[in-house]
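The values are calculated or read from the model by the stated rules, or taken from the named source; none is laboratory data. Note that the structure is predicted; figures quoted are calculated from it, not measured. Every residue, glycine among them, receives a Cβ derived from its backbone with ideal geometry; neighbour counts consider all protein chains shown. Ligands, DNA and RNA are excluded from the accessible area calculation, which covers all protein heavy atoms including side chains. Shrake-Rupley method; radii C 1.70, N 1.55, O 1.52, S 1.80 Å.
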Amino acid sequence: MSVRCPICKDKLIKDQGCYQCHKGHSFDISKEGYLNLLLKQGQKEYGDTFEMISARSVFLNKDYYRPLGDKMIQVISDLKIKTMVDSGCGEGYYTDLIKKALPEIDIIGIDISKRAIKCASKVNSDIFYIVAGNQDIPLTDECTELVLNCFAPIDHQEYKRILRKSGLLITVTPGAEHLLQLKQVLYDHVYLNIEKEGIAGFKEINKEDLEYDIELHDQKDILALFMMTPYFFRTSLEGKERLARLDSLKTHVAFVISVYQAI
């Protein structure tokens, strides 16, 4: 898979400690090994906050969602692909699992959060990580067989551009009853999730549901789960206080793993 310059869109060539294009644009490789190709200027950090990344690491590293990782590995293994882009990879929990289980796949992980990519690079140096957004992916046209998107914003046009002809897209989205019991603690009126259907420019060729219950017996884990969800920004003080009083939580998790083919 080839990286392209975010400024002129020319191909970037690795030259010792940096990547350069023929027009002279140069981007240093970090000491952790990742490449920052996000053009946004200033001191602002984009993507998830340090607190959110830390919370997600606490929760995921206890393998509450390991069955989802194993299911993703199974689905990807069955596709017999050799190249993959994890779009919106975060701190690389699933990326790392996939690479260790399927080392023959060349994987690039992309996320807009420099903090998250820095963490991911420390976990697995066999994966090439890039700081970039999903709306302007710094990869050349038709460079990969598969794009994986797990709970991240989707840009179907960019995905079609970087995918080879009839390339594949895997999405992981919440099922109807995902975290239902957590929501019942946070809110007085709870609605089921609306499952997303269809992506422009792609046809669905497979869909699998994965559902099970998780039990959390540590307030730190409960808070970590809460902080890695959108509910963290949408919950009243009363709901947060109810959650803070819990010393255990049993909740249902539901995931929809969909496989699409570019058309």
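Computed values, structure above
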| quantity | calculated |
| --- | --- |
| Residues being within 24 Å of residue 197 (Cα to Cα) and in a loop (DSSP other than H, G, I, E, B) - total across the range 137-166 | 6 |
| Some residue of the range 58-72 being polar (S, T, N, Q) and touching a residue at least 12 places away in the same chain (Cβ under 8 Å) | yes |
| Residue in the range 76-92 that is within 27 Å of residue 219 (Cα to Cα) and in contact with a Gly (Cβ under 8 Å, 6 or more places away or on another chain) present | yes |
| Residue pairs meeting the criteria (Cβ under 7 Å; at least 6 apart or on separate chains; first closer than 13 Å to residue 256 by Cα, in the range 197-213; second modelled with pLDDT of 95 or more and open to solvent by 50 Å² or more (accessible area, probe 1.4 Å)) | 210/67; 212/67 |
| Residue list for the range 147-159, filter: crowded, with 20+ Cβ neighbours inside 10 Å and over 24 Å from residue 19 (Cβ atoms) | 149, 150 |
| Counted residues, the range 160-204 - those being surrounded by fewer than 18 Cβ atoms within 10 Å (Cβ to Cβ) and either in contact with a strand residue (DSSP E or B) (Cβ under 7 Å, 6 or more places away or on another chain) or not basic (Lys, Arg) (or both) | 23 |
| Among (1) within 19 Å of the chain's Cα centre (by Cα); (2) at positive phi - the single one residue 76 does not satisfy | (2) |
| Residue in the range 231-247 that is open to solvent by 50 Å² or more (accessible area, probe 1.4 Å), more than 22 Å from residue 60 (Cα to Cα), touching a strand residue (DSSP E or B) at 6+ places or on another chain (Cβ under 6 Å) and among the polar types (S, T, N, Q) present | no |
| Output for the range 112-146, where each listed residue is in contact with a strand residue (DSSP E or B) (Cβ under 7 Å, 6 or more places away or on another chain), more than 18 Å from residue 18 (Cα to Cα) and open to solvent by 70 Å² or more (accessible area, probe 1.4 Å) | 142 |
| Residues (at pLDDT 90 or above and on the phi > 0 side of the Ramachandran plot) located in the range 47-73 | 63 |
| Answer from 48, 106 - the residue that is open to solvent by 40 Å² or more (accessible area, probe 1.4 Å), charged (D, E, K, R), touching an Asp or Glu at 6+ places or on another chain (Cβ under 9 Å) and touching a residue at least 12 places away in the same chain (Cβ under 8 Å) | 48 |
| Tally of residues being of a type in the set (A, V, I, L, M, F, W, C), open to solvent by 30 Å² or more (accessible area, probe 1.4 Å) and part of a helix (DSSP H, G or I) across the range 205-226 | 1 |
